[in-house]
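The values are calculated or read from the model by the stated rules, or taken from the named source; none is laboratory data. Predicted, not measured: the structure shown is a model, and the values here were computed from it. Neighbour counts are summed over all protein chains in view; Cβ atoms, including those assigned to glycine, are modelled from backbone coordinates with ideal geometry.
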Amino acid sequence: MIEERKVNQTKMMLQKRNGGLLGYLLYTLILIIILWCAHAIIVVETDWNRMGNLQQIATTILRFFPPNVRFLPKLIDPVLETFIIAVLGTALAIILSIPVSWFAARNITPYFPITYPIGRFIMTISRSVHEIVWALIFVSALGLGAFPGIMAIGMRSIGFMSKLTAEEIENVDKGPIEAIEATGANKLQVIRYGIVPQIIPLFLGNAIFQWDINIRRASIMGIVGAGGIGIVFSVQMAMYNYHNAMSTIIAILILVAIGEFISNRLRMLII
Amino acid sequence: MAFLEVEDLKKTYSTGEEALKGVTFSIESRDFVSIIGPSGGGKSTLLRCINRLVEPTSGRILFKGQEVNSLNSKELKRIRRSIGMIFQEFNLIDRMSVIQNVLTGRLGYTGLWRSLLGKFHKHDVERAAEICERVGMKDHIYKRADELSGGQRQRVGIARAIIQSPDFLLVDEPTSSLDIKIQHEVMDLIHKISKEDEVPVLISIHNVELAKEYAARIIGLQDGKKVFEGTAKEVDRKALDTIYKYD
């Protein structure tokens, strides 16, 4: 007994000593790797002459200030368009994510060998393709404007929404489902009464969260022609109108801030 | 012909666990039968095999002469809607109101579109309100289920079972999650309904005294086997030792 304890104590001491040493070695190794990476990509590949010294950098940044206040009224329409693109894109994603989550949820997918992989596939594609790439795809298919933007946002948001919803569906409390089945209900009735009420709060919360993110997404998709305020920023920068560009940035900031505020409030209401 | 006949019922789960090892008994149409026995003895599994919430491995179950095991899903739903089930954990839909919960008992009788939209028949809604009053929940009809106490939730569970106009009630330890005083209230309610509506009841009860108080017949289930069957009076010291023996 006593020998056992002594052996354990010694083991712990060695581990602490060893653990400490090993820890330090690990941290140093990571640091070296980071420094090497920074050197290989940043230090070696950057055109340091172009940046100039600190004073020149400061001058470049100051070119954006002050923002041109008289440009702000011209931004109202693009901002509204961005907002609407975000709303409609999110609405589209909400509608499409319902069948996708149904397919991608192990417990309620209609025919596991076929529908489950389809659901998961759509989810993965949606999340793997960046919104700018989606925007490019839809702009080339549908032309310039808000419509491709709405489609791009819709496609991009399905993945997130259905992933969380499908997981939630798989984790529902089974008791109520048993009870509804016991009344002689069919599969759809069981989903409608046993599962849906349990996942609605999360579903709505996700939708609001996605809407908030989509405002940001809609803001930049304009740069590739998918509507909204992005194109304004792009044009102003191309024309070297830095003050106007700054105004545009501020308008975007305000829009995103409003979106965040609204989405926080709405989510609090649901919980 | 007995109302419910269970013949050599066996259930082995995919994990290899043998929950039921050949149980045989029958229930007549005016019976109030209680199953007692140690936890894990198979009481819940037995009840759930009758309406096939759990699929039996072998054995026969005859409900009003009809074999339950071989029914296809459509016929099974028909049988299920005439069997009301009451659960230990109440199993209500938390976010829905009392009356909505009670109405879900009519899902077996309601068409698909109506049920998806939540538009139950007016007749059903009226009945639901009446039944809420019958179980003593008249003042709480519009409350959300998660705002209720345990005893209240079980009353709603009972109401949901009765609105099916069931021919039979399966009750799974309805009072195990409740305080003692409320336990008697709930058991009184179940017993009263069974008598007034002339519905036979098969109920698993954890508390032996409670079982003896309400059930005319008692079945003792231990480790998946029926080790006792008799009247409440016959449940004496010796019987209890047999049922609850510690190996």
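Residues that are β-branched (Val, Ile, Thr) and under 19 Å from A:Thr183 (Cβ atoms) within the stretch B:106-152 comprise B:Thr110, B:Val125, B:Ile131, B:Val135, listed in sequence order.
Considering only the stretch B:51-73, I want to know if a residue exists there that is within 7 Å of chain A (Cβ to nearest Cβ) and in contact with a helix residue (DSSP H, G or I) (Cβ under 7 Å, 6 or more places away or on another chain). Within the stretch B:51-73, one or more residues are within 7 Å of chain A (Cβ to nearest Cβ) and in contact with a helix residue (DSSP H, G or I) (Cβ under 7 Å, 6 or more places away or on another chain). Of all residues in the stretch B:109-139, those satisfying the criterion of being out of contact with any helix residue (DSSP H, G or I) (no Cβ under 8 Å at 6 or more places or on another chain) and within 12 Å of chain A (Cβ to nearest Cβ) are B:Gly111, B:Trp113, B:Arg114, B:Leu117.
List pairs: first residue in the stretch A:144-159 and on the phi < 0 side of the Ramachandran plot, second residue among the acidic types (Asp, Glu) anywhere in the structure, Cβ distance under 6 angstrom, at least six positions apart or on different chains. Cβ pairs passing all conditions: A:Ala146/A:Glu81; A:Ala152/A:Glu131; A:Arg156/A:Glu131.
Scan the stretch A:137-156 for residues that are crowded, with 18+ Cβ neighbours inside 10 Å and farther than 16 Å from A:Phe83 by Cα and the total you get is 4. Selection of the stretch A:229-243 for residues being in a helix (DSSP H, G or I) and buried (at least 22 other Cβ atoms within 10 Å of the Cβ) yields A:Gly230, A:Val232, A:Phe233.
Looking only at residues in the stretch B:96-112 that are over 20 Å from B:Asn51 (Cα atoms) and either part of a loop (DSSP other than H, G, I, E, B) or among the aromatic types (Phe, Trp, Tyr) (or both), the one that is nearest to the chain's Cα centre (by Cα) is B:Met96. Just one of (1) surrounded by fewer than 14 Cβ atoms within 10 Å (Cβ to Cβ); (2) of a type in the set (Asp, Glu); (3) closer than 18 Å to B:Gly41 by Cβ fails for B:Glu234. It is (3). Screening B:Lys77 against (1) in contact (Cβ under 8 Å) with a residue 12 or more places away in the chain; (2) over 19 Å from B:Leu221 (Cβ atoms); (3) within 14 Å of chain A (Cβ to nearest Cβ); (4) part of a loop (DSSP other than H, G, I, E, B) leaves a single unmet condition, (4). A:Thr109: modelled with pLDDT under 95, assigned to a helix (DSSP H, G or I) and either among the hydroxyl-bearing types (Ser, Thr, Tyr) or closer than 30 Å to A:Gly149 by Cβ (or both), yes or no? In short, no. Here A:Ala185, A:Ala226 are screened, and the one residue that is touching a Gly at 6+ places or on another chain (Cβ under 9 Å), closer than 30 Å to B:Val171 by Cα and not in a helix (DSSP H, G or I) is A:Ala185.
So that you can scan it fast, the table gives a plain yes or no per residue for (1) of a type in the set (Asp, Glu); (2) touching a Pro at 6+ places or on another chain (Cβ under 8 Å); (3) crowded, with 19+ Cβ neighbours inside 10 Å:
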{"site": "B:Arg60", "(1), (2), (3)": "no, no, no"}
{"site": "B:Asn72", "(1), (2), (3)": "no, no, no"}
{"site": "B:Ile83", "(1), (2), (3)": "no, yes, yes"}
{"site": "B:Phe87", "(1), (2), (3)": "no, yes, yes"}
{"site": "B:Asp94", "(1), (2), (3)": "yes, yes, no"}
{"site": "B:Gln100", "(1), (2), (3)": "no, no, yes"}
{"site": "B:Ser115", "(1), (2), (3)": "no, no, yes"}
{"site": "B:Glu130", "(1), (2), (3)": "yes, no, no"}
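Selection within the stretch A:173-208: residues that are touching a helix residue (DSSP H, G or I) at 6+ places or on another chain (Cβ under 7 Å) and among the charged types (D, E, K, R). The member of this set that is farthest from the other protein chains (Cβ to nearest Cβ) is A:Asp173.
If you go through the stretch B:26-50, how many residues are closer than 13 Å to B:Ile203 by Cβ and within 14 Å of chain A (Cβ to nearest Cβ)? Total satisfying the criteria: 3.
Residue-wise test of (1) modelled with pLDDT of 90 or more; (2) surrounded by 15 or more Cβ atoms within 10 Å (Cβ to Cβ); (3) in a helix (DSSP H, G or I); (4) in contact with a Cys (Cβ under 6 Å, 6 or more places away or on another chain).
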| position | (1), (2), (3), (4) |
| --- | --- |
| A:Leu22 | no, no, yes, no |
| A:Leu29 | yes, no, yes, no |
| A:Ile34 | yes, no, yes, no |
| A:Pro67 | no, yes, no, no |
| A:Ala86 | yes, yes, yes, no |
| A:Val100 | yes, yes, yes, no |
